[in-house]
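What follows is a set of notes on a single structure, which appears directly below.
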Amino acid sequence: MKNVNKVIDTVSDFAEEAADKTTKATHQAADKLVEKGDQLRSAEQRLLKETSAYIRDNPITSVGIAVGVGFLLSKFFGNNR
């Protein structure tokens, strides 16, 4: 009976250690995801500012690009019967 209790204690310790390692790894992964999310938000804001500045500085070119992209998208997604 003493050996059985020792085995149970060993297995229990192993399971607890595995759960602790899993929890630590999960927290590290979650922290990395939050960090990457912050980086993406920062990049998105920077891109939006740069795009707005480009459109403000080059309105005619911006309209031409928008018309060209709209035309290409209409050809790509339009009915091709």
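The values are calculated or read from the model by the stated rules, or taken from the named source; none is laboratory data. No experiment lies behind these values; they were computed from the predicted model shown. Note that we place each Cβ from the backbone using ideal geometry, even for glycine, and neighbour counts take in every protein chain shown.
Could you pull out the residue among Ile65, Ile55, Ile60, Ile8 that is of a type in the set (Val, Ile, Thr) and either at positive phi or in contact with a Ser or Thr (Cβ under 6 Å, 6 or more places away or on another chain) (or both)?
Answer to the check: Ile55.
Testing Ser42 on (1) over 28 Å from the mean Cα position of the chain (by Cα); (2) modelled with pLDDT of 95 or more, one condition comes back false. Which one is that?
The single condition Ser42 does not satisfy is (1).
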